[in-house]
Amino acid sequence: MGKRDEARSVSEFKHNVTPTRVGIEGVFYSLTHVPDLVRYGSKPLREIRANPALGEQLAKRLRDFDAATGYAPHQVYIGNIAPEKLGDLPKPWYERLIEGASPAGRFGDLVDRDEFYARLAGADQFDLVALEENWCRERAARHTIGRAPKRRPLAEIRALCEKGALPLYSGERLIGAFESGHEEDANLTPEVLLENLSAKVSAAHALRAALHRLGVDPGKIDYVISCSEEAVGDRYNRGGGNLAKAIAEDVGCVNASGSDVKAFCAGPMYAMVHGASLIQSGVAGTVAVVAGGSLAKLGMKFESHLKNNMPVLEDVFGSFAVILGLAKPNQPCMRLDSAAFHPVGAGASPQAMAEYLAERSLAKMRMTLTDVDRYGVELHNPEITVPSGSGDVPRTNYLTLAALAVMRGLIAKNQMQDFVRARGMVGYAPTQGHIPSAIVYLGHAVEALKSGAIRNALLIAKGSLFLGRMTQLSDGCSFLLDRNES
């Protein structure tokens with residue numbers, strides 16, 4: 001950081017900024033267990049085409065719903081286990097399953113494959129999804145939401161797949177087909193449309209559940225912001241969106257409009273700031289921030305899991321919904337006056353990220369790194385990432401914050417591990433990109449703020465803009481959570 005930049009930043013924080021809080025009305029998280037769609041994740045799809053034998057190996061290492069439900073990180077995700085307790089549980093978590101685990105959580109749930117297929121067909125407005133008629137009668141009828149699924153005899157399902165439709169399986173059984181939206185448009189292939197419709201369906205479920213738990217009429221939502229990772233469009237506008245409005249329609253938010261926010265993994269944090277700003281400015285009274293799962297990221301690290309004789313752990317869609325409104329007394333809130341962004345000239349080093357997204361955010365409120373009770377960072381599940389050589393991502397981020405605290409004289413070097421233990425947590429989120437990046441901790445933070453277990457939490461997310469080949473830059477966004485005691 002140059003002298004001119006340092007002088008400017010100091011002057012910025014000399015004045016007091018009036019706290020601007022926006023209330024967090026509710027949070028809901030969902031995991032959709034889709035083991036039979038792992039083959040269509042970007043990495044498995046490419047590798048299996050090159051080496052079909054991998055498909056057989058993959059099929060043998062897929063988990064059933066009970067194993068996915070009893071997996072400790074999933075129980076943390078839906079709120080049944082506190083993040084601080086996860087590190088104390090015996091490992092490997094995929095072998096030491098939680099006995100009697102429930103798919104219903106304090107602020108989330110797990111959805112099984114059959115229910116997802118029924119929801120997928122019910123949300124399809126263009127007759128792209130066909131389900132086998134006998135399977136529908138046996139399993140799916142009780143799950144269907146929205147439009148009734150298009151039912152076809154098995155012979156017709158097979159014929160559709162032979163013509164290029166994407167086969168849908170329940171175990172080894174062929175139970176459906178997903179057709180192309182246009183034969184000559186690469187953006188409307190079955191793989192792309194399945195990715196987009198999966199994001200819509202999983203996000204809509206999270207929003208519907210959040211409103212139901214709050215007892216809020218969907219018609220009371222003014223605006224919906226989607227921050228999923230899909231790119232909805234056609235050959236003339238490949239990422240135009242607007243998935244947010246499609247989700248609002250599916251849930252029955254008849255008075256809402258909406259739009260999409262994209263910033264790679266930092267998208268949810270930007271969406272939260274945008275949504276809170278709409279409320280603070282008076283443009284909207286109640287805003288929903290939502291995201292659905294990423295099909296492309298299923299099975300990203302499946303090869304390393306196979307090599308280590310592990311189950312394929314990237315077999316779930318992650319989704320969430322947050323309802324924002326005007327702040328109420330004693331309510332957990334996000335502080336807009338704390339919002340910080342990673343500017344163009346900052347550089348992408350870990351220290352620069354920590355300086356701009358943690359230190360500068362806190363300086364605006366006359367706080368330091370040690371004034372934060374809990375940090376929410378990129379909370380990737382290390383049991384997924386370590387075997388592939390990606391390391392323990394959250395621990396690395398916490399050590400960076402601790403090192404910066406040492407540099408500023410806030411703690412001694414031998415206190416770094418204490419800093420990490422006291423203010424961090426073990427990662428528990430599936431590697432769905434936008435899902436692990438800080439937003440996954442919001443539900444737990446709200447509960448901890450309500451109970452008084454913590455006074456505040458700083459959420460920090462980073463985005464890898466260079467992946468799109470338009471810039472070498474990284475990105476990031478952060479904001480503080482506390483309770484509205486004023």
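Backbone geometry of the range 151-161 corresponds, through the Karplus equation with coefficients 6.51, -1.76 and 1.60 at θ = phi - 60°, to 3J(HN,Hα) couplings of 9, 9, x, 4, 4, 6, 4, 5, 5, 4, 5 Hz, x marking Gly and Pro.
Report the calculated FRET efficiency for ALA453 and ALA159 (r = Cβ-Cβ distance, R0 = 56 Å), to the nearest 0.05.
0.45
I need the Kirkwood Rh of the range 184-260: take the reciprocal of the average 1/r across all distinct C-alpha pairs and report it in angstrom. Result for the range 184-260, one decimal place: 12.9 Å. Computed in the context of the full set of protein chains, the accessible area of the range 44-144 at 1.4 Å probe radius has 45% of its extent on carbon or sulfur. Averaging Cα coordinates gives a centre for the range 250-277 and one for the range 36-112; these two points are 27 Å apart. Each residue of the range 246-252 was assigned a 3J(HN,Hα) from its phi angle through the Karplus curve 6.51 cos²θ - 1.76 cosθ + 1.60 (θ = phi - 60°); the sequence is 5, 5, 4, 4, 4, 8, x Hz, with glycine and proline shown as x. Partners of LYS163 within straight-line reach, counting lysines whose Cα lies under 22 Å from its Cα and excluding those fewer than 8 residues away in the same chain: LYS150. Between TYR169 and ASN330, the C-beta separation translates, for a Förster distance of 45 Å, into a calculated FRET efficiency of about 0.35.
Of the residues SER259, HIS274, ALA339, the one whose Cα sits farthest towards the positive end of the charge dipole of the chain is ALA339 (charges of +1 on Lys and Arg Cβ, -1 on Asp and Glu Cβ, taken about the Cα centre).
The slack between MET407 and VAL283, meaning 0.36 nm per residue of separation minus the straight C-alpha distance, is 40.4 nm. Of the accessible area of the range 206-261, computed with a 1.4 Å probe over protein heavy atoms only, carbon and sulfur atoms account for 45 percent. Restricting the range 71-165 to chymotrypsin sites (Phe, Trp or Tyr not before Pro) that sit in a DSSP loop and have at most 11 other Cβ atoms within 10 Å of their own Cβ leaves PHE126.
Between the amide H of SER437 and those of LEU379, distances stay under 5 Å, these residues lying 5 or more places away or on another chain, with hydrogens modeled in the peptide plane.
The H on the amide N of GLY376, modeled in the peptide plane, is under 5 Å from the matching H of LEU458, LEU459, ILE460, each at least 5 residues off or on a different chain.
One decimal place: the segment ASN414-TYR236 gains 58.4 nm when fully extended, by the rule 0.36 nm per residue minus the C-alpha distance.
Of the two radii for the range 145-219, the radius of gyration is 1.09 times the Kirkwood radius, both from the alpha carbons; that is the Rg over Rh value. The residues of the chain present an accessible area of 42 Å² per residue when probed at 1.4 Å with all protein chains retained. The charge dipole of the chain, taken about the Cα centre with unit charges on the Cβ atoms of Lys, Arg (+1) and Asp, Glu (-1), comes to about 1080 debye, rounded to the nearest 20. Rounded to the nearest 0.05, the FRET efficiency derived from the C-beta distance between ASP337 and HIS182 at R0 = 41 Å is 0.30.
For TYR169, the residues 5 or more places off, or on other chains, whose built amide H falls under 5 Å of its own are ILE175. Backbone phi angles across the range 199-207, fed through the Karplus curve with coefficients 6.51, -1.76 and 1.60 (θ = phi - 60°), yield HN-Hα couplings of 5, 4, 5, 5, 5, 4, 4, 5, 5 Hz in residue order; Gly and Pro are listed as x. The slack in the chain from ASN51 to GLU99, taken as 0.36 nm per residue of separation less the alpha-carbon distance, amounts to 13.6 nm. For the residue pairs LYS262/LYS297; LYS297/LYS364; LYS60/LYS297; LYS85/LYS364, alpha carbon separations beyond 26 Å are given by LYS297/LYS364; LYS85/LYS364. Values of log10 I(q)/I(0) for the range 215-294 across q = 0.13 Å⁻¹ run -0.38, by the Debye formula with one identical scatterer at each alpha carbon and no solvent.
The values are calculated or read from the model by the stated rules, or taken from the named source; none is laboratory data. If you're wondering where the values come from, they're calculated on a predicted model, not measured in any experiment. Because the Cβ atoms are built from the backbone with ideal geometry, glycine has one as well, and the counts that use them run over all protein chains shown. For accessibility, only protein heavy atoms count, side chains too; no ligands or nucleic acids. Shrake-Rupley method; radii C 1.70, N 1.55, O 1.52, S 1.80 Å.
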